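For reference, the structure discussed in these notes is given below.
Every number in this text was worked out from the coordinates using simple rules, so none of it is lab data. Note that the structure is a prediction, hence the values are computed from the model and not measured. For neighbour counting, all protein chains shown are included, and Cβ atoms are generated from backbone atoms with ideal geometry for every residue, glycine included.
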Amino acid sequence: MDEQAKANLIASIQKQIAEIMQQLTAAKEILAAKKGINYITVHHTAGNKTDTDVNVDKQGALDGYPKSSLGHTMAYHYFIDWNGAITHAREDTEFSQHARGVSKGNIGICLAGNFMNYSPSLGQLNSLKSLLDSLKAKYYIDNKEIHPHSYWNNTACPGAYLKDWLNNNYV
Ligand SMILES: [Zn+2]
């Protein structure tokens, strides 16, 4: 190999190393942005359309969940009432046991109603979609990392109607 060929080879290897370092930096930035959040899990109250953050908090307190830094006792990070109003109940990184054994790094979203028997309201679905899309972008979460509660545990939650919607919109 002559001197020019050696110099070209070295330059080519240096370029590849620089590209790998750039990719590593980008991967580190994504990991930092994720803050350990890898999944989103969707629930329903299995109660009534009239369920509110206040009565879901009351049930959470009875179930022994600790008060969150945002002042709520429900196990979920977000609650969406029948009209589509979103309550941010726990910081996204705050641990809470909303899906047995798999709640670490897993954001829980609960919708008011029983979707074994009827569909969520249009307002709820619009709010859920915008919440899911913003959390996906913020924490680099893929559609395949968004699950109904029944994916993790032996439960009917969040009901066939909401499961179908999730399967149709986040596959
Ligand atoms: Zn659930």
* **Where the Cα pairs of the stretch 24-114 fall when distances are cut into 5 Å bins, in %** => 3, 15, 23, 23, 16, 9, 5, 4, 2, 0
* To do: Mind telling me which of Gly108, Gly64, Gly123 comes out most flexible in a GNM of the chain, alpha-carbon contacts under 10 Å?
  => Gly64
* To do: Please report, in whole Å, how far the alpha carbons of the chain spread along each principal axis, starting with the longest.
  => 80, 33, 28
* Structure fact -> Between the residues Leu70, Thr155, Ser121, the Cα farthest towards the positive end of the dipole of the stretch 43-171, that dipole coming from +1 and -1 charges on the beta-carbon of Lys, Arg, Asp and Glu, is from Thr155
* **GNM result for the chain, Cα springs below 10 Å: residue of Leu135, Leu125, Leu62 fluctuating most strongly** => Leu62
* Would you mind telling me the antiparallel percentage of the DSSP bridges in the stretch 24-159, rounded to 5? => 20 percent
* Test item: Cα-centred dipole of the chain, Lys/Arg +1 and Asp/Glu -1 on Cβ, debye -> 160 debye
